[in-house]
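S.K.: Pasting a structure here, questions to come.
Derivation of every value follows stated rules applied to the coordinates shown; laboratory data play no part. Bear in mind that the values here come from a model prediction, so they are computed numbers and not experimental data. Note that we place each Cβ from the backbone using ideal geometry, even for glycine, and neighbour counts take in every protein chain shown.
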Amino acid sequence: MSIDVRNLTFRYDRGTSLEKTSLEDVSLSIDKGEFVLIGGEIGSGKSTLVRHFNGLLKPFSGQVTVDGMAAHEKKVKARVGVLFQFPQQQLFGRTVFEDVAFGPRNFGYRGNELDLQVHSALELLGLGKEIYSVSPFRLSGGQMRLVAIAGVLASRLDYIVLDEPFSGLDAENKKILLSALRHLNSRGTSVIVVSHRMSDLLSVADRVFLLDQGNLVFGGTPAEYVKHAPSHLPEITCLMKELRRKGFDVRGDIFNIDDAFSEISRVLNTKEAVRR
Amino acid sequence: MTLMIEISNLLHSYPDGTPALNSVNLHIGRGEFVVIAGRNGSGKSSLVRHINALLLPSGGCVSVNGLCTSQKKHHPDIRRTVGMVFQNPDSQFVGMTAEEDVAFGPENLGLPPSEIRELVEMSLETLGISELRSHSPRSLSGGQKQKVAIAGVLAMEPECIIFDEVTSMLDPFSRKEVLDTVKRIHAKGTTVIYVTHRLEEAMNADRLVIMDSGRVVADASPRDVFLHHDLEKYGIELPPVVALSLMLSKAGFPDIGLALTKDELLEALCP
């Protein structure tokens with residue numbers, strides 16, 4: 001069970017003077033149950049790539065399959081959910097509950113089961129009962145995003161793709177969303193996050209892909225990424241690498257604050273001991 | 001420094017009575033660079049929308065150059081003095097080309113065509129987007145769009161510009177470019193009010209104001225705010241380097257002290 005992308009090439013505005021290659025011969029595969037991070041700058045093709053996963057875009061050449069089926073087949077829509085960059089624009093329900101229920105209802109859930117799924121998705125994202133009957137348009141920007149995300153989570157899909165889900169979320173909501181995604185992933189859902197802020201997710205992702213100008217320039221584990229990636233390193237990794245260059249004997253493959261802290265403390269303590 | 005914006009005991013309630021802002025006091029001088037940060041829903045956007053009279057006080061007073069926003073006759077002057085750039089540039093475009101879009105503001109001010117042309121040139125140049133003038137704003141990248149939006153506000157030569165989370169949809173490269181532009185605009189004498197929840201962007205500010213639950217909970221230089229306030233309590237994430245330097249100095253390495261940037265921390269560790 002996997003999403004397989006084989007030699008995918010895609011061009012926008014095909015056949016016009018504006019024709020622009022957006023993806024060039026990209027091949028990769030994402031297994032069911034994986035937590036995958038797709039990084040790269042705006043315009044690198046990451047959003048274009050994931051829009052192929054549920055058939056919103058059709059390959060110009062190459063192919064994209066989901067569990068063996070061509071991604072634009074209708075059946076695939078019940079397996080892959082895509083959440084766009086401005087999810088608040090995907091809201092339309094009269095109440096928060098109605099909005100979140102729309103997805104699962106379309107996939108055939110009814111009655112108690114539907115209620116249960118909507119409740120558990122909202123609860124997972126820390127959204128309390130008091131907002132269920134409120135219009136989603138009355139909520140703050142951060143809450144609107146969480147409600148839109150709840151709609152995708154409640155649909156119980158095999159693969160969920162989130163395009164820049166953290167932009168515009170504060171630290172607290174980011175934590176809530178991250179732990180919700182980890183929870184879903186632990187239940188077997190593949191989570192695919194598109195983000196240019198890679199440092200947030202390196203500690204949780206199984207695998208990382210990096211796109212640059214429509215080309216796949218890296219694919220591997222987070223540890224391999226911080227060792228070999230050509231660009232987009234987290235600031236902490238840059239700091240550790242520069243410390244090494246200055247003869248400060250720390251590991252260079254570190255990407256979160258806690259590891260950096262223990263690594264630097266270790267070296268400082270050794271220095272102290274030597275001095276004594 | 002001349003006082004420019006004076007906010008006293010500002011109250012603001014949503015139509016259903018829930019308070020959005022609760023006795024906020026804030027004074028901003030001409031030429032200052034003030035960053036306002038806080039978690040989602042802390043009231044930072046509501047607060048700045050009072051400064052150019054997009055929202056009006058339920059209580060208290062907001063005045064700009066001595067003109068009170070609660071008097072409707074002052075609104076044209078206030079809005080001419082204070083320009084605003086929003087998070088999502090797509091919702092602000094009116095022109096068919098970037099140039100037309102930038103000209104829209106000065107045209108509305110009723111300026112003569114030669115002056116409009118000059119202002120548009122100057123703004124496009126300051127933003128470094130002169131070569132994009134004949135592009136449709138919709139065909140541009142996120143960072144370029146945001147620059148067109150900023151140029152449009154700049155062309156009206158406001159004394160003060162409010163940037164409301166203008167970088168939150170941008171990648172690191174475009175974010176840095178936009179932030180550098182903001183610094184350039186400030187260096188030319190414009191008062192800058194910059195709303196963000198990314199404190200990395202606050203390092204160059206004169207003042208960092210933290211909002212929580214509709215109140216101002218900290219107002220000092222960025223360095224003093226990091227040293228004397230527990231920002232996690234307010235749902236704000238410290239920049240990684242700042243957090244790391246504070247962890248180290250609290251854990252028995254006091255010499256390291258607070259580092260605002262990677263270079264400061266490098267310097268402290270390898271003098």
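S.K.: Looking only at B:G17, B:G83, B:G128, which one moves most when chain B is put into a Gaussian network model with springs between Cα atoms under 10 Å?
M.R.: In the Gaussian network model the winner is B:G17.
S.K.: If you don't mind, another one. Give the calculated FRET efficiency between A:R94 and B:K183 to the nearest 0.05, with a Förster radius of 51 Å applied to their Cβ-Cβ distance.
M.R.: Between A:R94 and B:K183 the formula returns 0.70.
S.K.: Still on this structure, please answer the following. Report the rotationally averaged projected area of chain A based on its alpha-carbon convex hull, in square nanometres.
M.R.: 17.7 nm²
S.K.: Further, regarding this structure: Where the only charges are on Cβ atoms (+1 Lys, Arg; -1 Asp, Glu), what is the dipole of segment B:18-149 about its Cα centre, to the nearest 20 debye?
M.R.: Once rounded to the nearest 20, the dipole reads 660 debye.
S.K.: Which value in nm describes the separation of the simple spin-label points at B:S91 and A:V204, placed 7 Å from the Cα toward the beta carbon?
M.R.: So the two model labels end up 2.7 nm from each other.
S.K.: Next question, about the same structure. When the Cα centres of segment B:216-271 and segment A:224-248 are compared, how far apart do they sit, in Å?
M.R.: So the separation of the two Cα centres works out to 21 Å.
S.K.: Give me the distance in nm between label points sitting 7 Å out from Cα along the Cα-to-Cβ direction at A:R266 and A:E123, one decimal.
M.R.: Simple spin-label model gives 4.1 nm for this pair.
S.K.: Gap in Å between the Cα centre of segment B:138-186 and the Cα centre of segment B:1-25?
M.R.: 26 Å
S.K.: Please go through segment A:47-96 and write out the chymotrypsin sites (Phe, Trp or Tyr not before Pro) that DSSP classes as loop and that have at most 15 other C-beta atoms within 10 Å.
M.R.: For chymotrypsin sites (Phe, Trp or Tyr not before Pro) across segment A:47-96 that sit outside H, G, I, E and B with at most 15 neighbouring Cβ atoms in 10 Å, the list reads A:F60, A:F92.
S.K.: Quick check on the protein assembly as shown: helices-only [θ] at 222 nm, where DSSP H runs of length 4 and up contribute -39,500 (n - 2.57) each and the sum goes over total residues. Nearest 500, please. Write out the running numbers ahead of the final one.
M.R.: On the way: 17 runs with 192 residues, N = 547.
Taken over the protein assembly as shown, the calculation gives -10500 deg cm²/dmol.
S.K.: Post the alpha-carbon centroid distance, segment A:151-174 to segment B:26-66, in whole angstrom.
M.R.: Spelled out, the Cα-based centre of one part sits 31 Å from the other.
S.K.: If I fit a long axis through the Cα atoms of helix A:171-186 and take the longest principal axis of the Cα atoms of chain A, what angle between them do I get, 0 to 90°, rounded to 10?
M.R.: Helix A:171-186 sits at roughly 70 degrees to that axis.
S.K.: I've got another one for you. If you count, for every residue in B:30-42, the Cβ atoms of partner chains within 10 Å of its Cβ, what is the mean?
M.R.: Neighbouring Cβ atoms belonging to other protein chains average 3 per residue here.
S.K.: Number of Lys-Lys pairs in segment B:3-233 under 19 Å by Cα, sequence gap 8 or more or different chains?
M.R.: Numbers: B:K44/B:K233; B:K145/B:K176; B:K145/B:K183; B:K147/B:K176; B:K147/B:K183; B:K147/B:K188; B:K176/B:K188.
For segment B:3-233, the number of qualifying lysine pairs is 7.
S.K.: Please give every one of the lysines within straight-line cross-link reach of A:K58, meaning a C-alpha to C-alpha distance under 16 Å, and leave out same-chain neighbours fewer than 8 residues apart.
M.R.: A:K20, A:K46, A:K74, A:K75, A:K77
S.K.: If one takes the longest principal axis of the Cα atoms in chain B, at what angle in degrees, from 0 to 90 and to the nearest 10, does the Cα axis of helix B:113-127 lie?
M.R.: 20 degrees
S.K.: Which whole number gives the average count of other chain Cβ atoms within 10 Å of the Cβ atoms across peptide B:205-214?
M.R.: Numbers: counts 0, 0, 0, 0, 0, 0, 0, 0, 0, 0.
Per residue, the average neighbour count from other chains is 0.
S.K.: While we're looking at this one, here's another question. Can you classify the protein assembly as shown as rounded, prolate or oblate using the Cα gyration tensor, where a ≥ b ≥ c are the square roots of its eigenvalues, rounded means a/c under 1.5, and otherwise it's prolate if a/b beats b/c and oblate if not? Each step should come with its number before you reach the end.
M.R.: Numbers: a/c = 1.41, a/b = 1.17, b/c = 1.21.
In terms of gyration-tensor shape, rounded.
S.K.: Please sort by residue number the trypsin sites (Lys or Arg not before Pro) in segment B:122-208 whose DSSP state is loop and whose Cβ has at most 11 other Cβ atoms within 10 Å.
M.R.: Sites meeting the loop and neighbour criteria: B:K188.
S.K.: To the nearest 10 degrees, how steeply does helix B:172-187 sit against the main Cα axis of chain B, on a 0 to 90 scale?
M.R.: 70 degrees
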